[in-house]
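The values are calculated or read from the model by the stated rules, or taken from the named source; none is laboratory data. On a predicted model such as this, the values are computed, not experimentally measured, just so you know. No Cβ is skipped: glycine too gets one built from the backbone with ideal geometry, and neighbour counts run over all protein chains shown. Calculation scope for accessible area: heavy atoms of the full protein, side chains included, ligands and nucleic acids excluded. Shrake-Rupley method; radii C 1.70, N 1.55, O 1.52, S 1.80 Å.
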Amino acid sequence: MSDDAPRSANADVVRIRGNGYTAEAGWFGPEDRPRFGWLYRPDKPAPNGIGIVIVPPFGREDICAHRTLRHLAEDGAREGFASIRFDLDGTGDSAGDDTDPDRVEAWLASIHDACDLARAAGCAGLVLVGIRLGATLAALAAKGRTDVAALVAFNSVVSGKAYLRELRAFQAAMDLQPSPTSDESGGQESSGFLFTGPTCTALKTIDLAAQDVLPAPVIRILERDDLPERKGWPEHLKKLGGDVDVQRVPDYADMLNDPHANRIAQAFIDACLACTRRLQNFSGNATSLTSLPL
C-alpha cells in the first residue's frame, strides 16, 4: 500500500480494476477520526494534472445521488483525472454520527483531508464538485485553499436558513413525523437524518451570496432546468471577479429519486468533465481555460 492511498482496516487497500483506472477503497485522514473514501487512479493521467474531489450532499440526498457520483468518479478517471469520492465526517462509513459536535467544521475538515489525499496522489490542482449541501461545503472549503482550480456546484444550498425550511417542508409533505427531541433541542430531522440544535445554528449562518472571497478562480454553477433560475449568487461571484458560468442541467429530480428507481444525471457528469478538461496551466490561483465549449 502506498503512503498516498487510503488506509484499510486490513493490511491492504481494496483495489478494483476498471476500464482505464484502478479504484482503491479505504480510510484516510486522522488516525483517530478516519474518513472512508474511494480514490480512482487513471492509467494515463491527463496532461493538465487536475484531480476531481467529489463532495456529496447530506442525508437522503447523499444516498440517492450515490449512483451518479460513482459514475462521475469512474468517468473522470477514464479521462485521466484522479478522482475521489468519500463520506463526510460522521456520515456513511466515516467515523462519527449526526449527534457529534461541530458538524459543519468537521465536514469541512474532511473535505480538506480529501483534497490533501488528491494532492498526495499527484494532482497539481483540484476541481471541487458538489451537489446541494455538498456544493455549499465545497465552496466554503475551497476559500481556504490555493490549489482549487475550479468549483462545480449543482443546485447548491445558497442559504442555510432556506435549506432547513425546505427540509421541514419536505418532511411535512411526506407526512413524516419529526424527531421527538427535535423541538426541545432546537434541532430537526429529515428523512431519518438528524441536524442537532447546534448544527442548525451553524447552518443558519451560511449565506454564499454574502461571502466576500471567491471560492475558486473558475466557478461553474449548475442549476436545475425544472425550476426558476437563481441569479443572486452568480451575480455576486461575478462582482468579485470570478470566471462564472451558469448552466441549466436536466435530470436532477430523476437523480434523487429512490435508489432503486433513480437515473444517472449524465448531463451533470458531462458538465463537470467539460470544465475539468478545459483547465490549463494551473498555478496557485492562476488558471487559464482552453477554448473548448462547455
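Please list 3J(HN,Hα) in residue order for the range 146-152, calculated via the Karplus relation 6.51 cos²θ - 1.76 cosθ + 1.60 where θ = phi - 60°; whole Hz, with x for glycine and proline.
10, 9, 8, 7, 7, 10, 10
At a threshold of 8 angstrom on Cα-Cα distance, excluding pairs fewer than six apart, so keeping six or more, what relative contact order does the chain reach in percent?
With pairs under 8 Å counted, the relative contact order is 16 percent.
What is the range 24-121's relative contact order, in percent, from Cα pairs under 8 angstrom and six or more apart in sequence?
Rounded, it is 33 percent for the range 24-121.
Could you please state, rounded to a whole Å, how far the C-alpha centre of the range 43-114 is from the C-alpha centre of the range 189-219?
Result: 17 Å between the Cα centres.
Taking the mean number of other Cβ atoms within 10 Å as a proxy for protection, how do you rank 52-61, 28-37 from highest to lowest?
The peptides rank, most packed first, as 52-61, 28-37.
Nearest 500 deg cm²/dmol is fine: what mean residue ellipticity at 222 nm does the chain get from its DSSP H runs of n ≥ 4 alone, each adding -39,500 (n - 2.57), divided by its residue count?
Counting only the DSSP helices, I get -10000 deg cm²/dmol.
For the range 56-140, what does the accessible surface come to per residue with a 1.4 Å probe? Please give it in Å².
That works out to 29 Å² per residue.
Can you list residues whose amide H is under 5 Å from residue 224's amide H, if they're 5+ apart or on another chain and H is modeled 1.01 Å from N?
Here 155, 249 satisfy the definition.
Straight-line reach from residue 143: which aspartates and glutamates have a Cα under 16 Å away, not including same-chain ones fewer than 8 places off?
105, 113, 116, 207, 212, 243
Show the residues, 5+ positions off or on another chain, whose built amide H is closer than 5 Å to the amide H of residue 22.
The answer is 41, 43.
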